[in-house]
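This report refers to the structure that appears directly beneath it.
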């Protein structure tokens, strides 16, 4: 599966920070997570810290399924954190800069002269996604290799074959290729593996017990799952020789809050390095993003690999960190984070409700069919699966639709709402697809 960055923008009008022990906050966050767990919406671990101390920490769902028995996560369960790994890679690059082993202006040609535009691309370009190197995980060929081990040379040969997307420094575009190369540079300069560098330079230094570079799966690691409409189905694994510095780290939410607190209290890099890391240009910092919360700003990163999702952010003004590491989602992560932070900061928040509307199996048949729109390039097939509907765009995976009413269905992970036209209590072969503020009309063929 592809490594992706999740678009997390949490827009809330927060009042002034209240105590982390604000009455009822823990109980209500528990209620939120209990509702999501009970309705098969989310699995993983959520942690919140204040001043470096964990004030909320809970895991929901299961970490694996053994002989049809759900194994519950515990404090030692590890989750693939995807692109949140880029923060670790950036920290180590800044450590090496502080040690005088390279600078932000060092050219890629100093390490890999055969890569495209290597003499023009700098370390700073790689960190801020301004290199122009193509994001290899966007290519169809990636799906042919992602489950198989790949050597450094195989990966570099792949990168050499790709055309660049733009001239270095002229724009910014997110690319996992940048951070895989940065991981290789860390290995070159330290004379160790990326895994050993993470251990020596970060996890041992600040006491992270459940954070390490992924490799052969161990018994404490969670598997990832997607929800089919009836049950959770295991997702295939990316071979961890591929993502490396772009998305290869295993961790959990509590460890991640410790990591980002150490970063922002200058226990991993200097204040000057952190200030540079936080400089935002063309929406990208140096391995970090600014994530707005109305009048407040946090800094962090999000990630997704296989069926895992992760999020990590720090509010410097409040010394508050929030982290989530998940292994199964049937709900928008952004909505859960909005809810948890609304509750934590004492803002009014209504808990979500699910499963309030049911359709009889015989009713579902009327919605089925192939739908098309002159405004949309793909056809959408609505299928009757006996007890639920699924939707599938041409060439894409099917996803379950949850009924909200006789006319409205939704798929929360992608923020999709489908409104069917109902006449005399029956669908008449028309619907409006609503996503991202856009409405598109479809008719059955």
Restricting the search to segment 316-349, which residues are over 14 Å from the mean Cα position of the chain (by Cα) and part of a helix (DSSP H, G or I)? 338, 339, 340, 341, 342, 343, 344
When you look at residue 354, is it under 30 Å from residue 203 (Cβ atoms) and either surrounded by 22 or more Cβ atoms within 10 Å (Cβ to Cβ) or touching a helix residue (DSSP H, G or I) at 6+ places or on another chain (Cβ under 8 Å) (or both), yes or no? no
Of everything in segment 261-271, what is touching a helix residue (DSSP H, G or I) at 6+ places or on another chain (Cβ under 9 Å) and surrounded by fewer than 15 Cβ atoms within 10 Å (Cβ to Cβ)? Give them in sequence order. 266, 267, 270
Expected output for segment 295-307 (first residue assigned by TED's automatic domain parsing to the domain that holds residue 245 and at positive phi, partner surrounded by fewer than 24 Cβ atoms within 10 Å (Cβ to Cβ) and assigned to a loop (DSSP other than H, G, I, E, B), Cβ below 8 Å, 6+ apart or cross-chain) is 306/1; 306/235; 306/236; 306/237
Is it the case that residue 120 is farther than 25 Å from residue 301 by Cα and either in contact with a strand residue (DSSP E or B) (Cβ under 9 Å, 6 or more places away or on another chain) or in the same structural domain as residue 287 (by TED's automatic domain parsing) (or both)? yes
Selection status of residue 313, more than 27 Å from residue 399 (Cβ to Cβ), under 13 Å from the mean Cα position of the chain (by Cα) and surrounded by 22 or more Cβ atoms within 10 Å (Cβ to Cβ): yes
Look at residue 415 and say whether it is touching a residue at least 24 places away in the same chain (Cβ under 8 Å) and surrounded by fewer than 16 Cβ atoms within 10 Å (Cβ to Cβ). yes
Top-ranked residue in segment 132-157 [being buried (at least 18 other Cβ atoms within 10 Å of the Cβ) and part of a helix (DSSP H, G or I); ranked as nearest to the chain's Cα centre (by Cα)]: 137
Yes/no for residue 257 being touching a strand residue (DSSP E or B) at 6+ places or on another chain (Cβ under 7 Å), crowded, with 23+ Cβ neighbours inside 10 Å and assigned to a loop (DSSP other than H, G, I, E, B): no
Among the residues of segment 393-409, count how many are out of contact with any helix residue (DSSP H, G or I) (no Cβ under 9 Å at 6 or more places or on another chain) and assigned to a loop (DSSP other than H, G, I, E, B). 8
For segment 21-107, give me every one of the strands (runs of 3 or more DSSP E) that falls completely inside it and has 2 or more residues that are in contact with a strand residue (DSSP E or B) (Cβ under 6 Å, 6 or more places away or on another chain) and surrounded by fewer than 20 Cβ atoms within 10 Å (Cβ to Cβ). 53-60
Enumeration of residues in segment 263-289 that are on the phi < 0 side of the Ramachandran plot, in a loop (DSSP other than H, G, I, E, B) and touching a residue at least 40 places away in the same chain (Cβ under 8 Å): 265, 267, 268, 269, 270, 285, 286, 288
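Is it true that residue 367 is buried (at least 16 other Cβ atoms within 10 Å of the Cβ), modelled with pLDDT under 90 and not assigned by TED's automatic domain parsing to the domain that holds residue 301?
No; evaluated as a whole, the condition is false for this residue.
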So, residue 239, is that one touching a helix residue (DSSP H, G or I) at 6+ places or on another chain (Cβ under 9 Å), surrounded by fewer than 22 Cβ atoms within 10 Å (Cβ to Cβ), touching a residue at least 60 places away in the same chain (Cβ under 8 Å) and in the same structural domain as residue 78 (by TED's automatic domain parsing) or not? yes
Just checking, does segment 63-73 include any residue being more than 19 Å from the chain's Cα centre (by Cα), without any contact (Cβ under 8 Å) to a residue 60 or more places away in the chain and under 23 Å from residue 270 (Cα atoms)? no
Among the residues of segment 170-205, which ones are within 16 Å of residue 118 (Cα to Cα) and either not assigned by TED's automatic domain parsing to the domain that holds residue 151 or not in a helix (DSSP H, G or I) (or both)? 170, 175
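The values are calculated or read from the model by the stated rules, or taken from the named source; none is laboratory data. Predicted model, so just to flag it, every value in this text is computed and none were measured. Glycine gets a Cβ as well: all are built from the backbone with ideal geometry, and neighbour counts include every protein chain shown.
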